[in-house]
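Below is one structure, written out as structure tokens, with a few remarks after it.
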Amino acid sequence: MGDWPAGFLWGAATSAHQTEGDNRNSDWWSFEQAGLHFVPEASGAAVDSYRRWEQDMDLLAGAGFSDYRFSIEWARIEPRRGELSATALEHYGAMVRGALARGLRPLVTLHHFTHPLWFHEAGGWLAADAVAAFCRYVEAVLPLLDGVERVCTINEPNILAILPALLAGGDTHGLPAPDVATGTVLIDAHHAVRELLRERAPHLRVGWSVACQSFEPEPGAEDVCARLAHDREGRYLEAARGDAWIGVQSYTRTRVGVDGPLPPPEGARLTLTGWEYAPRALGAAVRTAARLTGVPVLVTENGLATDDDALRRAYTAEALAALRDAMAHGVDVQGYFHWSLLDNYEWGRFAPTFGLVAVDRTTFERHPKPSLSWLGALGPQPPH
Ligand code: BGC
């Protein structure tokens with residue numbers, strides 16, 4: 001497995017809200033406190049990474065990884081509109097420097113699902129000045145990005161755009177379709193930040209990460225499936241044309257019948273999130289992303305919610321085999337990030353564990369699983 005192309009990124013990913021804890025000024029924190037139907041459990045202290053990030057990075061670097069994808073939390077940087085937190089700015093600056101000092105190239109996500117509460121209360125992405133507000137936040141964090149090569153503007157815009165439906169009472173099973181108006185603004189925001197960074201930080205290679213759900217039509221449902229795949233995924237991939245890279249996030253496949261998405265087939269093996277176990281979907285996902293964008297691919301998330309670490313290794317080995325196969329057929333893949341470094345807060349629940357490292361939720365002690373060193377050793381070997 002070791003012979004990856006030169007410069008191939010080999011890492012794991014996390015996000016701020018899912019790991020840091022006490023993200024009190026964010027919209028998600030308020031959803032959790034209000035006990036909304038899609039958040040049965042609150043994040044609380046999460047896995048305490050706001051304080052333990054150095055230990056997390058030590059584990060990743062110590063296992064042989066060379067890259068770390070983590071996010072900066074807008075709600076901490078700008079807890080109230082127009083008020084920047086010097087402490088939070090210093091915190092994320094220290095994380096960037098800390099990663100570099102450990103030989104980890106940071107891939108920094110600027111937005112991973114959460115918003116400052118004030119932004120949400122002002123109308124979220126549908127407010128007239130939403131894109132401008134996001135750009136002002138990005139300008140504020142620019143000085144922190146010294147030594148960073150790659151930035152992800154927005155994580156999974158096609159999932160983020162489901163939020164209005166969830167807030168309106170929609171079900172999380174068989175995910176609702178993204179809200180078209182929200183999706184349009186997110187695309188505008190991505191392009192605005194891309195322009196801003198081209199001007200102000202031309203050394204940064206800018207992209208975004210799309211949830212690639214590998215839609216597969218049942219016989220007779222080809223047209224329905226093509227339309228659905230475009231609305232839920234394709235338009236967000238097409239918006240990445242001209243980017244430096246496209247981030248692919250693949251976990252499962254989704255079958256589509258004439259009436260829309262179907263549940264996993266009878267008897268299929270399910271993961272702890274209830275998704276079909278489908279490691280080879282990664283191969284299909286990178287092919288689709290490369291075809292629709294024409295830019296190099298980074299796998300910015302891929303992983304399995306399971307409490308069986310041997311199964312995690314089996315899943316990942318098969319996903320990587322499918323990735324190698326796509327690369328052998330000409331898909332330009334430049335990196336792989338596993339989701340996730342840590343068991344963490346899976347948007348409403350702690351039970352679906354995706355981590356290479358387990359965390360004791362009382363003491364916050366980290367317990368690396370065998371998959372951490374196993375996967376670390378599969379990456380590009382450092383020159384001797
Ligand atoms: C998100 C992560 C999430 C993971 C597993 C992606 O949708 O970016 O935040 O934890 O998938 O559900």
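Starting from the Cα of T362, move 7 Å in the Cα-to-Cβ direction to define the label point; list residues of the stretch 30-45 whose amide nitrogen is under 20 Å from there.
Within reach of a label on T362: 42-45.
Please label the shape of the stretch 206-249 as rounded, prolate or oblate, based on the square roots a ≥ b ≥ c of the eigenvalues of the alpha-carbon gyration tensor (a/c under 1.5 means rounded; beyond that, a/b larger than b/c means prolate, else oblate).
prolate
Given a 1.4 angstrom probe, I'd like the percentage of the accessible area of the stretch 271-334 that is carbon and sulfur, rounded to a whole number.
Exposed carbon and sulfur together represent 51 percent of the surface.
How many nm separate the modelled label positions at R81 and A377, each set 7 Å beyond the Cα in the direction of the Cβ?
Output for this residue pair reads 5.5 nm.
On the Cα set of the stretch 132-183, report Rg and Dmax in Å, please.
15.1, 43
Compute the accessible area per residue over the stretch 1-127, keeping the other protein chains in place, probe 1.4 Å, unit Å².
Counting only protein heavy atoms, the per-residue value for the stretch 1-127 is 36 Å².
Subtract the Cα-Cα distance of D223 and A6 from 0.36 nm times their separation in residues, and report this length gain in nm to one decimal.
74.1 nm
Beyond 19 Å, what share of the Cα-Cα pairs of the stretch 218-342 remains, rounded to the nearest whole percent?
Tail fraction, whole percent: 52.
Considering only P164, P219, P143, give the residue with the highest GNM mean-square fluctuation for the chain, with springs between Cα atoms whenever their separation is below 10 Å.
Ranking P164, P219, P143 by mean-square fluctuation puts P219 first.
How about the stretch 172-271: which GluC sites (Glu not before Pro) there lie in a loop by DSSP and see at most 14 other Cβ atoms within 10 Å?
E266
Of the residues D67, D179, D360, which exhibits the maximal mean-square fluctuation in a Gaussian network model of the chain defined by a 10 Å Cα contact cut-off?
D360
Averaged over every viewing direction, what's the projected area of the C-alpha convex hull for the chain? Give it in nm², one decimal, please.
In nm², the orientation-averaged hull projection of the chain is 17.8.
Choose one of G183, A319, G62: the residue whose Cα lies farthest towards the positive end of the charge dipole of the chain (beta-carbon charges +1 Lys, Arg; -1 Asp, Glu; about the Cα centre).
Value computed over the given set: G62.
Would you work out if the stretch 298-349 is rounded, prolate or oblate? Take a ≥ b ≥ c from the square roots of the eigenvalues of the alpha-carbon gyration tensor; rounded if a/c is under 1.5, else prolate when a/b is larger than b/c, oblate otherwise.
It comes out oblate by the Cα gyration axes.
Over the chain, with a Gaussian network built from C-alpha contacts below 10 Å, which listed residue (A322, A168, A268) shows the highest mean-square fluctuation?
Among A322, A168, A268, the largest GNM mean-square fluctuation belongs to A168.
Which of rounded, prolate, oblate describes the stretch 325-384, given a ≥ b ≥ c as roots of the alpha-carbon gyration tensor eigenvalues and a/c under 1.5 marking rounded, otherwise prolate only if a/b is larger than b/c?
oblate
Give me the percent of the accessible area of the stretch 123-205 that comes from carbon and sulfur atoms, probe 1.4 Å, all protein chains in place.
C and S fraction of accessible area: 56 percent.
Can you give the convex hull volume of the alpha carbon atoms of the stretch 204-279 per residue, in Å³?
Value for the stretch 204-279: 100 Å³ per residue.
Take the Cβ-Cβ distance between D58 and E139 as r, set R0 to 41 Å, and report the resulting FRET efficiency rounded to the nearest 0.05.
0.85
If Lys and Arg each add +1 and Asp and Glu each add -1, what is the summed charge of the other residues whose beta carbon sits under 12 Å from the beta carbon of S30?
Its environment carries a net charge of -2.
Using the Cα centre of the stretch 290-384 as the reference point, and only Cβ charges (+1 on K/R, -1 on D/E), how large is the resulting charge dipole? Debye, rounded to the nearest 20.
120 debye
What number, rounded to the nearest 500 deg cm²/dmol, is the helix-based mean residue ellipticity at 222 nm of the chain, given -39500 (n - 2.57) per DSSP H run of at least four residues and division by all its residues?
Here the helix-only value at 222 nm equals -11000 deg cm²/dmol.
Can you tell me the FRET efficiency between R97 and L270 if r is taken as the Cβ-Cβ distance and R0 is 35 Å, rounded to the nearest 0.05?
0.25
The values are calculated or read from the model by the stated rules, or taken from the named source; none is laboratory data. Because the structure is predicted, anything quoted here is derived from the model rather than measured. Quick reminder, even Gly has a Cβ in these numbers, built from the backbone with ideal geometry, and neighbours come from all protein chains shown. What goes into the accessible areas is simple: the full protein's heavy atoms, side chains included, and nothing from ligands, DNA or RNA. Shrake-Rupley method; radii C 1.70, N 1.55, O 1.52, S 1.80 Å.
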